[in-house]
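Engineer: Please see the structure below; I have some questions.
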Amino acid sequence: MTNTKAPSPAVSLGLLVLRVVVGAIFAAHGAQKIFEFTLPGTIGSFADMGVPLPEIAAPVVAFVELIGGILLILGFLTRPVGILLTIDMAVALVAVHLPAGLWVGDGGYEFVAVLGVAALALALTGAGRFSLDGALLRGRAPAWLS
């Protein structure tokens, strides 16, 4: 079954705004892990936070956030990317931020929760009309993909 029903222009505009802002934040955080902190520095930070297998987890998270953020901005492969970013934020919430409580100023989970839920919303809704998914995949791909 393919997805041939496009959301309304107003809904698509809302999804565009959400995708661009959330994608930019994810891309910035991924770029920060790769270029500012460097991958060795991010690996060390993950190890200090008690993240399991930091040598694997840190580069995976960094590239999922960077590339996934860019793909969200473009609206390409939005549903699978949204799922990956939701998992990324769920792990960050449970492994690092949950014990610190709600407030981000105290290292809490409010920021990762909002990003994770926004990514989940995009995974559930898709990218909308104003996207590469809408232009390239609608009607040509399974509904779970576009």
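The values are calculated or read from the model by the stated rules, or taken from the named source; none is laboratory data. Note that the coordinates shown come from a computational prediction; the quantities given were computed from them, not determined experimentally. Here the Cβ positions follow ideal geometry from the backbone for every residue, glycine too, while neighbour counts run over all protein chains shown. The protein model used for the area step is the full one, side chains on, heavy atoms only, and it has no ligands, DNA or RNA in it. Shrake-Rupley method; radii C 1.70, N 1.55, O 1.52, S 1.80 Å.
Engineer: Specify the residue that is surrounded by the most Cβ atoms within 10 Å (Cβ to Cβ); the eligible residues are those in the stretch 110-146 that are in contact with a strand residue (DSSP E or B) (Cβ under 7 Å, 6 or more places away or on another chain) and hydrophobic (A, V, I, L, M, F, W, C). Let's see the steps before the verdict.
Structural biologist: Our first condition is that a residue be in contact with a strand residue (DSSP E or B) (Cβ under 7 Å, 6 or more places away or on another chain); within the stretch 110-146, this holds for 139-143.
With hydrophobic (A, V, I, L, M, F, W, C) added as a condition, the list becomes 141, 143.
Details: Ala141: 15, Ala143: 13.
Filtering the stretch 110-146 for residues that are in contact with a strand residue (DSSP E or B) (Cβ under 7 Å, 6 or more places away or on another chain) and hydrophobic (A, V, I, L, M, F, W, C), the one surrounded by the most Cβ atoms within 10 Å (Cβ to Cβ) comes out as Ala141.
Engineer: Let me ask another. Collect the residues in the stretch 89-123 that are over 13 Å from the mean Cα position of the chain (by Cα) and under 24 Å from Leu15 (Cβ atoms), keeping them in residue-number order.
Structural biologist: Leu93, Glu110
Engineer: Report every pair of residues separated by at least 6 positions or lying on different chains whose Cβ atoms are under 9 Å apart, first residue within the stretch 21-39 and closer than 18 Å to Leu71 by Cα, second in a loop (DSSP other than H, G, I, E, B).
Structural biologist: Every condition considered, the pairs that remain are Gly23/Gly75.
Engineer: Which pairs do you get when a residue that is more than 14 Å from Ala31 (Cα to Cα), found in the stretch 60-77, comes within reach of a residue that is of a type in the set (D, E, K, R) and open to solvent by less than 50 Å² (accessible area, probe 1.4 Å), reach meaning Cβ atoms under 9 angstrom, with the pair 6+ apart or on two chains?
Structural biologist: Leu72/Arg19; Ile73/Arg19; Leu74/Arg19; Leu74/Asp133; Gly75/Arg19; Gly75/Asp133; Phe76/Asp133; Leu77/Asp133
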